[in-house]
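One structure below.
The values are calculated or read from the model by the stated rules, or taken from the named source; none is laboratory data. Remember, it's a predicted structure, so these values are computed and weren't measured experimentally. Neighbour counts run over all protein chains shown; Cβ positions are idealised from the backbone, glycine included. All accessible areas refer to the heavy atoms of the entire protein, side chains included, with ligands and DNA or RNA removed. Shrake-Rupley method; radii C 1.70, N 1.55, O 1.52, S 1.80 Å.
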Amino acid sequence: MPTLSAVDQAFFLLETRERPMSIGALIVLAPPSGTGARFADRLVRQMLKQPVGPPFNGRLAPGPLKGTLTLVTDDKMNPARQLFRHKLPSGADLQGLFERICQIHARLLPRDKPLWEQHVFTGLPGHRVALYFKTHHGLIDGIGFLHALNSMISPARSSSRPQAIWEGLRNVAPRAVTGPEPGSISSVLKAANDMLRLFWHQGLRDVGLGRGLPTPFVTTPDVLKAPPSPHRVMGHCVLSLPQVRALARQGDAKINDVLLTVLDMAMHRYLAERGITPDRPLIADMPVALEDHGGAGNRITILQVPMGRPGSAPAERLADVVQETGQVKHEMRTLASGALTLYSIIQHSIASTIEGLGLGNLPMLANAVISNPAGLEHRVYFNGADVELALPVSVVAHHQVLNITITTYVDELHVTFIALKEAVPDVQRLADYTAEAVAELAADLAKAARRKPAVARPRRAKSRKAAKPAVRSVRKRAAVR
């Protein structure tokens with residue numbers, strides 16, 4: 001059983017009733033031909049044939065130091081005791097399913113039981129079945145969760161073996177460690193040196209003499225705030241991956257940059273409708289996988305990324321985001337993973353302390369957590385059924401109100417929004433605005449391309465007219481790139 005890292009421990013130690021540290025996966029299945037209403041029963045029987053694997057076969061136990069925790073393997077864990085069935089009311093749609101998921105997602109997982117639950121929903125149109133698998137973030141992060149799902153699903157409808165998400169990571173490789181051994185004097189000194197360098201870069205940025213990560217808390221606009229609460233709402237939209245990829249090429253950016261930009265546009269529009277105009281760029285809390293990610297546990301750091309300047313046109317916002325994400329990448333290349341992990345723990349511990357002391361008027365660490373842990377590149381199947389939809393259900397961090405997670409399924413980008421109900425009660429509106437922002441960004445990039453001066457080819461002495469078609473072709477290409 002993999003040990004609990006410092007980040008894993010933090011997810012357990014910082015958990016409260018208002019801030020459950022559960023993550024989950026929601027999968028909607030279309031029944032195989034001829035199964036109809038019998039599909040759900042057959043599916044449950046198939047899943048229950050499978051044993052529980054790591055890390056889901058771990059139980060919490062006291063750690064070697066007071067106040068710490070460890071995992072012990074339970075080889076006799078019975079999955080039937082962790083499986084719960086639900087019948088949705090007649091006429092239920094995806095939004096009705098989201099409401100039920102949010103109710104279950106907000107409940108704390110009992111520490112004296114297995115740290116996962118499998119929920120099975122029936123009552124969706126066409127005898128579809130929804131699976132919601134819930135586990136603790138201290139066991140596994142989003143990328144590890146995707147590894148677990150990838151090992152369970154099949155690229156072919158005719159799978160020869162039953163499948164269950166609780167089988168987990170079949171081959172949990174030891175975490176690869178680069179650099180000095182963790183805990184050694186040299187690793188501690190290197191982490192301390194890197195932390196000092198990170199703070200120095202932040203200070204230079206604050207006085208306008210350098211470029212580094214933004215100073216946490218003090219640079220975050222005071223918007224999208226609410227007292228801690230266990231109540232959650234969920235929204236969802238779908239973006240075209242080919243279209244987003246084309247916009248990234250056109251804007252000399254990455255797909256992630258385009259996604260941050262359209263989310264920034266949607267959040268500004270949502271705030272403007274409520275008469276709120278931020279005076280500084282909104283801040284995204286962005287989880288980033290470390291190079292030595294090995295599957296189980298949490299091998300991430302979470303860094304802050306300012307997005308577009310208030311009042312900027314969409315193309316200008318994209319340029320701002322490209323510059324800021326470039327700074328994050330530069331810092332990650334120059335700092336050891338130990339320093340980045342420690343930096344993340346310190347920041348989010350401060351946010352938890354602020355919330356725990358009831359100091360809600362103090363600045364937030366970020367305006368939203370925005371992550372993109374990849375996804376599924378090809379159409380897949382689960383126990384012979386088509387996977388129609390696969391969405392993450394994430395954590396809303398301390399002293400924040402919104403989590404946005406983007407995953408890929410074939411040629412679609414699925415954007416899932418989880419928010420505190422008291423802060424963003426109509427979160428689906430934010431999802432709708434995100435989908436609409438893609439077209440707005442495309443139009444503004446095209447307009448910006450037309451404004452760029454065309455570079456004429458050198459004229460030939462024989463004919464002056466030959467240069468004119470070349471100029472027009474340059475303009476035409478610029479408009480569609």
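Worth pointing out:
- Residues of the stretch 145-156 that turn out to be more than 14 Å from Gly375 (Cβ to Cβ), in contact with a strand residue (DSSP E or B) (Cβ under 9 Å, 6 or more places away or on another chain) and modelled with pLDDT under 80, as a count: 1
- Meets criteria (modelled with pLDDT of 90 or more and open to solvent by less than 20 Å² (accessible area, probe 1.4 Å)) for Pro79: yes
- Selected residue [hydrophobic (A, V, I, L, M, F, W, C) and either surrounded by fewer than 17 Cβ atoms within 10 Å (Cβ to Cβ) or touching a Lys or Arg at 6+ places or on another chain (Cβ under 7 Å) (or both)] from Ala246, Ala284: Ala246
- When restricted to residues that are more than 17 Å from Pro20 (Cα to Cα) and either open to solvent by 80 Å² or more (accessible area, probe 1.4 Å) or within 25 Å of the chain's Cα centre (by Cα) (or both), the stretch 355-364 contains 5.
- Note on the stretch 1-23: among residues that are charged (D, E, K, R) and open to solvent by 10 Å² or more (accessible area, probe 1.4 Å), the one that is nearest to His137 (Cα to Cα) is Glu15.
- With respect to the conditions (1) part of a loop (DSSP other than H, G, I, E, B); (2) open to solvent by 60 Å² or more (accessible area, probe 1.4 Å); (3) in contact (Cβ under 8 Å) with a residue 60 or more places away in the chain, Gln50 falls short on a single one, namely (2).
- Of residues in the stretch 201-217 being hydrophobic (A, V, I, L, M, F, W, C) and over 29 Å from the mean Cα position of the chain (by Cα), the one least open to solvent (accessible area, probe 1.4 Å): Leu204
- Hey, Ser229 in contact (Cβ under 8 Å) with a residue 12 or more places away in the chain and under 20 Å from Ala435 (Cβ atoms) or not: no
- For the stretch 249-275, taking the residues that are in contact (Cβ under 8 Å) with a residue 12 or more places away in the chain and more than 20 Å from Asn403 (Cβ to Cβ), the one that is surrounded by the most Cβ atoms within 10 Å (Cβ to Cβ) is identified as Gly251.
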